[in-house]
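Below: one structure, written as structure tokens.
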Amino acid sequence: MAAKTVHRPRTPDRESDVCGDECALEHQPGGDDLQRAAFLAKSLSDPNRLKILMSISKGRKSVSAIVEEVDLSQPLVSHHLKELKRALLVRVKREGPFVYYDLADKRIMNVLKMLSDMALDLSVEEQGFRG
């Protein structure tokens, strides 16, 4: 029997959209979904981008404020912001001569927390095997 795909409307400000193992089969991604997920994962694969996301998770910020907080050069921050915008992870708002960035979807912080927890768990597990 094939897994049933359930599509739910996108709600960017929903804090949590994770279900338990009992509903995992209902939400198995198909080909296009996997492509989008891979693109998103690739967009998150740079530690500097994660720092930038953490910075703007506290509220919208200008490039100069992000540069100061994450201690990276302005051209590097601008490059990463461009990639995060391309991945639809950040929103851009122009106010006069200023440009501000904020999270497009706050759920990304839940994803980053889960990835961080999993990375820690896996490193602890690996240490246990080396024991």
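No value in this document is a laboratory result; all are computed from the given coordinates. Nothing here was measured: the structure is a model prediction, and the numbers come from that model. Virtual Cβ from ideal backbone geometry, glycine too; neighbours counted across all protein chains shown.
Annotations for the structure displayed:
- Cross-link reach is defined here as a Cα-Cα straight distance under 20 Å, omitting same-chain residues fewer than 8 places apart; for Lys58 the lysines meeting it are Lys82, Lys85, Lys93, Lys106, Lys113.
- Ordering of 113-120, 99-106, 45-52 by packing is 99-106, 45-52, 113-120, highest average first (other Cβ atoms within 10 Å, averaged per residue).
- Total formal charge among the other residues, if their Cβ is under 13 angstrom from that of Met118, Lys/Arg +1 and Asp/Glu -1: -3
- Distance between the 7 Å Cα→Cβ label points at Leu34 and Glu126: 2.5 nm.
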